[in-house]
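Report on the following structure.
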Amino acid sequence: MSTSATDKSAQRVDISPPRIMGSLSHWLIVGICLLAVIVFFSTASEDWFTIVNYTLIAAIAALALNVLSGYTGQVSLGLAFFMAIGAYTAALLGGSPPTSPLDPQGWGLSVFIWLPAAGIVAALVGALIGPTALRLKGFYLGIVTLALVFIGQYLFKNLASITGGSQGRTFPAPVFGDYSFTQQNDLLGITLTSGQQYFLLLLPVLALVSLFVGNVMRSRAGRAFRAVRDHEVGAALLGVNLFEAKLGAFILSSFLAGIAGALFASYTRYVTPTYWDLTLSIQFVAAIIVGGIASIWGSILGAAFVFGLPLVIDHFALLPPAGNGTGGLTSGDLNALIYGALIIVFLLFEPGGVIGLIHRLQALPNKFSLSKGEGGTSPEIINLSPDSVSQLELEDVAPAQRENE
Amino acid sequence: MAYFLQLVFAGVVQGCIYALIGLGFSIIFKASEVINFAQGELLLVGAYVVSSGMFEWHLPFLLAVVLGIIVTVVIGLLFERLVLRRMIGRPVFSILMITIGLDIVLRTAVSVRWASKPIPAASPFDINSGINSGGIHFGTNDLWTIAVTIIVCAALFYFFRYTKYGLAMRATALDQEAALAVGINIRTIYALAWSIAAGIATISGVFLAIDSSAITPTFGSAALLAFPAIILGGLDSVSGAVVGGLLIGMTQILTAGYESHVTNILGAGFHEITPYLIMILVLLIRPYGLFGTAKVERI
Amino acid sequence: MIDAQAKSQQPTPPTTPLLTVEDISVQFAGIKALTDISFQLQPGEIFAVIGPNGAGKTSLFNVLSRVYQPIAGRVMYDGRDLLRLKTHQVARVGIARTFQNLGQFPTMTVLDYLLLGRHTRMHSGILSGGIYLGPTRSEEKRNRSYCLNLLNVVGLQHLHNYPLGSLPYGLQKRADLARALALQPKLLLLDEPVAGMGLSETDEIAAIILDIKEQLGVTQLLVEHDMALVMGIADRILVLDFGRAIAQGTPAEVQSNPDVIKAYLGEEFGEKSPDITSTPTDNSRQTP
């Protein structure tokens, strides 16, 4: 046993976790993005703000789905249900008080209350439903979440005092003092349109959500999620509490879905219960498949594709907008055809979505170098000598978890 | 009383439709362990082609039905051959999603070709003709629905019990490797399963159309109600699909018939979710359904 | 002989066994996979379980890692009733297990896999993980450092960022072993650690197993087919056949046990004397 531990220091790799803002290239990218955002902000028309804002909201929901299905592997068609819960919580807490007996309820609270509450209530509903639903797996879980959407629609159609029944209701816009996002307001001498104001709210929210989810996924919980997705029994053998992991993912996903739902309803101003249907859930599944399963950027890309693109096509009037009853290709149709076909194509050939494709292309050079060096290491390198063993003592730094049963 | 019996009859008819749709799911699942989410849209395509056949191209009813069956069988075979073959061994989520992909493509294609205006359903008999007895109206079309369902079930029973391919399909469902070992061509079996399922989809589509008197692109979602039927019956039981379908159909119609009495508590549209509530109950109490088999898992 | 040396190094006063297995029986779907299996593991020893295919080794393994529930018997581990634990609690009490068939986590990087092995020794949850700054960050740093050092020790450090699925089989097995060690276990269950390996790879693994015993003092139980490995490094061996224990003892004792030879070892070494069959009803048997 010749090579000692000290020789290894020459080969020692960077031990710190990959840092988000670690390298110069990262800072450069952030700088360019910031510049792009500023340019966009000052020059884009209100129509473009609509497109971008809807994409930002959809990205949050896509992230929510990715947390549950992409990272943790739990089949779910129920995203629409949790989005609706968030939206109606926001409506109840933040909506304007009813002016007539037929108006739906609203307590007129501030956005700082109704927006987080939307997430929290959706998370609570998730915590309630999760333990029962997550007993099932695969197709069965999918079908139960599907049932949830239908049951939800039934409830929303009937709880008219909150949802406005089949006719729908208005949803609160963020209001700061006298300033409501629904009108143009002056801030520090600059006039901001409604779209711009929403943008200033949505972009940071998406950034925060992305950061949060990214952090979770690179820490202990995220590894547990992926282990559950890849091999449940194996994960349990490694000490992962399957129930806690699945439920945790479910609750986090529901929270984010609730936020997205509230933001969507707020931005759209008026929504009927038929909006929160199975098609909506499926669109988000399409988004994460096309964009990239278990990927933050994948969620954003996928959302841009499934939700942003039809709006872009509408904007340029390339095709008649959806809802045109005389047949022929509408923008919604073309989009559905494309993402339906892309689901098939991606699942067949690149299950990792666009992001997976990018990673695969990036990893090509590595594959060639691996085949050179992988022949196995010589026995000398494998050594459990006292020097190296002492490095393994970690009891004083990280005491073993208290065993609780 | 007559009202109740009328509802029972309607429930049986609805149940037959769900049974047929459920059979389509069940056959594909039995043969290849795939849940074909696109079964509803195959149904839709079938119904549209048949109606177009009758009203646009002025074909006689039976010919239109044959045309419909041919179209759906071709779609099913193409999908099975080109897409599903390559998905063998992939996780459940992916396979489920890929059939959803097909579902989206089909539904959109229908919407593009035929628009969202409802078109009339093709029916062999006049909608209003029927036998009246004891205060109950037995519509001719409805009676045919029941009759055809019985014929299809009998035909399938004979097929599975007594024909070479039927036995081969059952063998494949039980143990693919063993089936391969005795020389069964699994690919043929899969293709056959999809063809039968597609054909049944068209038939059930025709009857569902008659039942709803017109077809719209959102038709396919009615097929979703077959999921509670097959789960109640047991995913891997073909007879379970039939029994489950009948029970679900019956429950739904009866609920719809009587829910006006309890609108203040239950509100409107409760009958639309009763199948799902039943399904959830089944999944919690007896997940493999009435006739399904609980699998022993060896890790 | 290695076992003779190891024996002479063992402390003479009897120590409390780390694991006590009493009359374990396992049954499923009418098949009795194990019948009345009993043995003890002394701390720090290497204990091997051998037997032909279908003898019940995997079932025993799965009972100890709490994947199967036996229909009878007791298992005491470190003073606690092991059978009352659920699968995911096993890691928490310091039992680590390797996998026989790999490929459970193909997309996970080697380093992440080891960190996953330390799941029960880390604390951060969803909320603290999401915030990251503070306790989670330092926890991640410490544990990454530990795992990278461990990878260094088994010679896989340069591959820490590669997904497991991209590694050749032998290296995957080594990574799996490192992952089991990452838990800092008291008891290490090794499931056919040299399955599918050539001579030199087997020697490497054997060296690691011996080092684990001598340097880390971890108790090891291995299930294996490779006779050379087992006879070479095991302190004691349990031989199973058709779910029953047919012999238990040191390699020397087991090798000379006539029941073992009859049932298993004879065929294993290719000494196919036409008279020695495993069918008890064969009347033409003659002892050579």
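Per-structure values
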{"item": "Filter result for C:Ser128 (closer than 12 Å to A:Arg220 by Cβ and modelled with pLDDT of 90 or more)", "result": "yes"}
{"item": "Residue in the range B:138-153 that is exposed (fewer than 15 other Cβ atoms within 10 Å of the Cβ), away from chain A (no Cβ under 14 Å) and among the hydroxyl-bearing types (Ser, Thr, Tyr) present", "result": "no"}
{"item": "Residues that are under 20 Å from the mean Cα position of the chain (by Cα), within 7 Å of chain A (Cβ to nearest Cβ) and not hydrophobic (A, V, I, L, M, F, W, C), drawn from the range C:100-117", "result": "C:Gln104, C:Gly117"}
{"item": "Elements of type helices (runs of 4 or more DSSP H) contained in the range B:226-282, each with 3 or more residues being surrounded by 20 or more Cβ atoms within 10 Å (Cβ to Cβ)", "result": "B:226-233, B:238-258"}
{"item": "Subset of the range A:81-102 (residues that are of a type outside the set (A, V, I, L, M, F, W, C) and touching a residue at least 60 places away in the same chain (Cβ under 8 Å))", "result": "A:Gly86, A:Tyr88, A:Thr89, A:Gly94, A:Gly95, A:Ser96"}
{"item": "Residue ID - nearest to B:Ser221 (Cα to Cα), chosen from residues in the range B:49-73 that are modelled with pLDDT of 90 or more and not aliphatic (A, V, I, L, M)", "result": "B:Thr72"}
{"item": "Condition check for B:Tyr18: farther than 30 Å from B:Ala171 by Cβ, hydroxyl-bearing (Ser, Thr, Tyr) and assigned to a helix (DSSP H, G or I)", "result": "no"}
{"item": "Number of the exception - C:Thr120 against (1) facing chain A (nearest Cβ under 7 Å); (2) over 20 Å from the mean Cα position of the chain (by Cα)", "result": "(2)"}
{"item": "The range B:10-44, residues that are surrounded by fewer than 20 Cβ atoms within 10 Å (Cβ to Cβ) and modelled with pLDDT of 90 or more", "result": "B:Val12"}
{"item": "Criterion violated by B:Ile285 - all others in (1) more than 10 Å from chain A (Cβ to nearest Cβ); (2) of a type in the set (A, V, I, L, M, F, W, C); (3) within 28 Å of B:Asn141 (Cα to Cα) satisfied", "result": "(3)"}
{"item": "Of all residues in the range C:129-165 being of a type in the set (Gly, Ala, Ser) and facing chain A (nearest Cβ under 8 Å), the one that is surrounded by the fewest Cβ atoms within 10 Å (Cβ to Cβ)", "result": "C:Ser145"}
{"item": "Some residue of the range A:94-116 being more than 14 Å from chain B (Cβ to nearest Cβ), more than 21 Å from the chain's Cα centre (by Cα) and of a type in the set (D, E, K, R)", "result": "yes"}
{"item": "Residue identified as under 23 Å from B:Gly46 (Cα atoms), acidic (Asp, Glu) and free of Cβ contacts under 8 Å to residues at least 40 places away in the same chain among B:Asp126, B:Asp175", "result": "B:Asp126"}
{"item": "Filter result for C:Leu181 (in contact with a Gly (Cβ under 9 Å, 6 or more places away or on another chain), part of a helix (DSSP H, G or I), at the interface with another protein chain (Cβ under 9 Å from one of its Cβ atoms) and without any contact (Cβ under 8 Å) to a residue 24 or more places away in the chain)", "result": "no"}
{"item": "A:Thr99 vs. criteria among the polar types (S, T, N, Q) and either outside any helix (DSSP H, G or I) or crowded, with 24+ Cβ neighbours inside 10 Å (or both)", "result": "yes"}
{"item": "Residues satisfying the stated conditions in the range C:101-152, i.e. over 21 Å from C:Lys173 (Cα atoms) and touching a residue at least 40 places away in the same chain (Cβ under 8 Å)", "result": "C:Thr120, C:Arg121"}
{"item": "Residues being assigned to a helix (DSSP H, G or I), over 13 Å from B:Leu44 (Cβ atoms) and not aliphatic (A, V, I, L, M) - total across the range B:208-225", "result": "1"}
{"item": "Residue satisfying condition, being touching a Phe, Trp or Tyr at 6+ places or on another chain (Cβ under 6 Å), of a type outside the set (D, E, K, R) and either assigned to a loop (DSSP other than H, G, I, E, B) or touching a residue at least 24 places away in the same chain (Cβ under 8 Å) (or both), within set A:Ala127, A:Ala58, A:Ala117", "result": "A:Ala58"}
{"item": "Members of the range B:95-127 that are at the interface with chain A (Cβ under 7 Å from one of its Cβ atoms) and in a loop (DSSP other than H, G, I, E, B)", "result": "B:Ala115, B:Ser116, B:Lys117"}
{"item": "For C:Ala96: the one exception among (1) surrounded by fewer than 19 Cβ atoms within 10 Å (Cβ to Cβ); (2) of a type in the set (Gly, Ala, Ser); (3) under 17 Å from C:Thr219 (Cα atoms)", "result": "(1)"}
{"item": "Single unsatisfied condition, C:Glu192 versus (1) farther than 13 Å from A:Ser219 by Cα; (2) facing chain A (nearest Cβ under 10 Å)", "result": "(2)"}
{"item": "Given (1) of a type in the set (A, V, I, L, M, F, W, C); (2) surrounded by 20 or more Cβ atoms within 10 Å (Cβ to Cβ); (3) within 13 Å of B:Met279 (Cβ to Cβ), number of the condition A:Phe181 does not satisfy", "result": "(3)"}
{"item": "Selected residue [within 12 Å of another protein chain (Cβ to nearest Cβ) and touching a Ser or Thr at 6+ places or on another chain (Cβ under 7 Å)] from B:Thr218, B:Thr274, B:Thr263, B:Thr251", "result": "B:Thr274"}
{"item": "Filter result for B:Val83 (touching a residue at least 60 places away in the same chain (Cβ under 8 Å) and hydrophobic (A, V, I, L, M, F, W, C))", "result": "no"}
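The values are calculated or read from the model by the stated rules, or taken from the named source; none is laboratory data. All figures in this text were calculated on a predicted structure; none of them were measured in a lab. Glycine gets a Cβ as well: all are built from the backbone with ideal geometry, and neighbour counts include every protein chain shown.
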